[in-house]
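Student: Attaching a single structure in structure tokens format; questions to follow.
The values are calculated or read from the model by the stated rules, or taken from the named source; none is laboratory data. This one's a predicted model, so the numbers in the text were calculated from it and none came from an experiment. Glycine gets a Cβ as well: all are built from the backbone with ideal geometry, and neighbour counts include every protein chain shown. The protein model used for the area step is the full one, side chains on, heavy atoms only, and it has no ligands, DNA or RNA in it. Shrake-Rupley method; radii C 1.70, N 1.55, O 1.52, S 1.80 Å.
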Amino acid sequence: MSMIKVPTPQEINAGNRILVFDTTLRDGEQSPGATMNLDEKLQVARALTRLKVDVIEAGFPIASPGDHDAVKAVAEEVDGPIVCGLARSLEKDIRAAASALKNAKYPRIHVFLATSAIHRQFKLKKAKEEIVKQAVEAVKMALSFCKDVEFSPEDASRTEPEFLCEVVEAVIKAGATTVNIPDTVGYAVPEEYGALIHTLKTKVPNIDEAVISVHCHNDLGLAVANSLTAVKFGARQVECTINGIGERAGNAALEEVVMAMRTRGKYFPYSTNIDTPKICATSRLVSNTTGIHVQRNKAIVGENAFAHESGIHQDGVLKERTTYEIMHPADVGVDQSKLVMGKHSGRNAFGTRLKELGYELDEKRLAEAFEKFKVLCDKKKTIYDADLVALVEDQLVTAGPIWELDLLQVTSGNRSVPTATVILRKGSGETAQTFRDAAIGDGPIDALTNAIDRITGMTGQLLDFQVQSVTEGREAQGEVNVKVDFGGQLVHGRGFSTDIVEASAKAYLNAVCRAIVTQSAKSPEIERPGHIAPAPRGVATP
Ligand code: KIV
Ligand code: ZN
């Protein structure tokens, strides 16, 4: 167990170290269909700990019992970063956050309340004085549970600057140790946002008693630029997510903020604690876990970020790497040797490689994964890193399933009616039961999803269906990602197999299981920051 001395806001403000506050598990999880289960959240939290982020925002405990339990599990396990839980400025939210965080080594409660005229008038229907009062009371209440309290005036960038200064001064006086200035709807531009931070720095008398944090959304593609500009004007904490996922167009991407500061050190004379060679593994883990793929040309972590296609560029890089590369691929963990293991590799080497790829499995899971690895070695001559990731991901997505695929038989062709016969297993061990059914459809995938629906009693509408090969070659494993609408509840699912029809069935079944788990842990509709709730259709979504 590491004992760190948590620096005071004054110490942080006097230095050039930028705190990295990761909100992948909270704002990131607000991306449509990105819901993660408890196991997946723990995997991501472990990866963020290895990456050495300063704060992990683990969730919004009041949102659902599932969110509460996930924050609690992360708080109990994580040793190193501060673990933070989000709460509206309401007693029940603050109590839920405090209860979820009670076993955290370094807990933080993050309370928020909208301050802009638009939100005051239309959403909260409250006058300025009422907002200040509620914010102050919320901070004081949070402080009665935990000494580290962050306050966010939601929609700060569209709040009248004088009123924002008044709110910030009041919450610092009430004891907030971090004040976050969210650009909730991604409306700000860098010069303007920098000026706002400067205003707070110069006009709020007690500003040095708290750390200024920034939280920028990417609706205009300016989240990273806004965050970096704010740092130049005195912000000392940046809120971001891995791969930039988050509500709507997402949040500032952690990897971009960190690498911009590191690569342009003269322009940004600041440091972070991030262990940058772990960036790519963490990115891959998050994209696999949420089903949100990283675009190929994405800065830092995209597949093409270090690929040189044109002859002139290739020639230049071979002569002198820095002609066309401003960062070293190894600095963000891009592994250029992709070939990893074969059928003679032992269990230790297998476990070590998985750890390097960002997966830490307990003994039982490792043994199961190793068994699957041996089976895969018989099907596939060459095993790449991506195969290992697919194998573990397949295990994680099916871990603790409600339904598991036992048998799948599909017939299709240009002159036959696509038909699927499916046998599913429910439960495990001696109490496991199997169920079978068959269905026809417009195509093989339609037929198999219909058969699964008939057995499970769920009715899903397939909104998105993507097949990709995990590695190259005809024997490659297929990865299928689906987005399914279960009566208004959007869920993603993933499946892997060397047979893409089987991978499709696994992906759909994975979505069915996620939907069942989420429905059983659901709370009434909770308004999430920056989120416009869709019109109710069947089951309410959080
Ligand atoms: O975007 C936002 O305003 C938020 C706050 C809760 C920080 O996510
Ligand atoms: Zn946000």
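Student: Are there trypsin sites (Lys or Arg not before Pro) in region 274-334 that DSSP puts in a loop and that have at most 13 other Cβ atoms within 10 Å, and which ones?
Tutor: Listed in order of number, the matching sites are 296.
Student: Same structure, new question: Per residue, how much accessible area does region 207-267 have with a 1.4 Å probe, in Å²?
Tutor: So region 207-267 comes to 30 Å² accessible per residue, rounded to a whole number.
Student: Which of the lysines could be linked to residue 125 by a straight reach, that is with a Cα gap under 24 Å, when you skip same-chain ones fewer than 8 residues away?
Tutor: Answer for residue 125, where 24 Å is the Cα cut-off: 92, 133, 140, listed by chain and number.
Student: Further question on the same structure: How high is the FRET efficiency between residue 434 and residue 378 when r is their beta carbon distance and R₀ equals 30 Å, given to the nearest 0.05?
Tutor: Computed FRET efficiency for residue 434 and residue 378 comes out at 0.70.
Student: Another question, if that's okay. By how many degrees, between 0 and 90 and to the nearest 10, does the Cα long axis of helix 254-263 differ from the longest principal axis of the chain?
Tutor: 70
Student: A follow-up question, please. Stretched out fully, how many nm does the piece from residue 92 to residue 133 gain, at 0.36 nm a residue minus the Cα gap?
Tutor: 13.1 nm
Student: Assigning unit charges at the beta carbon (Lys, Arg +1; Asp, Glu -1) and nothing else, what dipole magnitude in debye, to the nearest 20, does the chain show about its Cα centre?
Tutor: I would put it at about 420 debye.
Student: Quick one: helix 91-101 against the long Cα principal axis of the chain, what's the angle to the nearest 10°, folded into 0 to 90?
Tutor: Result, in degrees: 60.
Student: For a label point 7 angstrom out from the Cα of residue 293 toward its Cβ, which stretches of region 451-479 have the backbone nitrogen within less than 19 Å?
Tutor: 462-479
Student: Count charges around residue 268 for me, please; just the other residues with Cβ under 9 Å from its Cβ, Lys/Arg as +1, Asp/Glu as -1.
Tutor: That sum, taken over residues with Cβ under 9 Å, equals +4.
Student: Would you mind checking which residues have amide H under 5 Å from residue 17's amide H? H placed 1.01 Å from N; only 5 or more apart, or other chain.
Tutor: 271
Student: While we're here: Once every Cα of region 16-267 carries one equal point scatterer and solvent is ignored, give the base-10 log of I(q)/I(0) from the Debye formula at q = 0.10 Å⁻¹, two decimals.
Tutor: -0.42
Student: Given the convex hull over the Cα atoms of region 349-499, what projected area results after averaging over all orientations, in nm²?
Tutor: 10.5
Student: Counting only helical runs of four or more DSSP H residues, what would the 222 nm mean residue ellipticity of the chain come to if each run contributes -39,500 (n - 2.57) and the total is spread over all its residues?
Tutor: So the helix-based figure for the chain works out to -12000 deg cm²/dmol.
Student: Next question, about the same structure. Against the longest principal axis of the chain, how steep is helix 347-356, in degrees 0 to 90 to the nearest 10, with axes from Cα atoms?
Tutor: 40
Student: To the nearest 10 Å², what's residue 143's accessible area with a 1.4 Å probe?
Tutor: Taking all protein chains as shown, residue 143 has close to 60 Å².
Student: Quick check on region 425-466: what are the equivalent-ellipsoid semi-axes from the Cα gyration tensor, as sqrt(5λ), descending, whole Å?
Tutor: That gives 24, 12, 9 Å for the three semi-axes.
Student: Right, something else. Could you list the square roots of 5 times each eigenvalue of the Cα gyration tensor of the chain, that is, the equivalent ellipsoid semi-axes, sorted largest first and rounded to whole Å?
Tutor: 41, 29, 21
Student: Whenever you get a sec, line up 328, 68, 110 from highest to lowest accessible area (probe 1.4 Å, protein heavy atoms).
Tutor: The ordering from most to least exposed comes out as 328, 68, 110.
Student: Around residue 194, under 13 Å between beta carbons, what's the net of Lys plus Arg minus Asp minus Glu among the other residues?
Tutor: -1
Student: Against the empirical 2.2 N^0.38 Å scaling, what ratio does the C-alpha Rg of region 149-279 come to?
Tutor: For region 149-279, the normalised Cα radius of gyration comes out at 1.00.
Student: Now a separate question. Sort 385, 378 by heavy-atom solvent-accessible area, probe 1.4 angstrom, most to least.
Tutor: Of 385, 378, the descending order of accessible area is 378, 385.
Student: Excluding the sites themselves, what is the longest stretch of the chain that contains no GluC sites (Glu not before Pro) in a DSSP loop with at most 16 other C-beta atoms within 10 Å?
Tutor: 1-302
Student: Among the listed pairs 147/232; 52/232; 147/364; 102/364, give every one whose C-alpha distance is greater than 31 Å.
Tutor: The answer is 147/364.
Student: So how compact is region 307-396: Cα radius of gyration and Dmax in angstrom?
Tutor: 16.8, 50
Student: While we're here: Express the carbon and sulfur contribution to the solvent-accessible surface of the chain as a percent, rounded to the nearest whole number, probe 1.4 angstrom.
Tutor: Carbon and sulfur together cover 53 percent of it.
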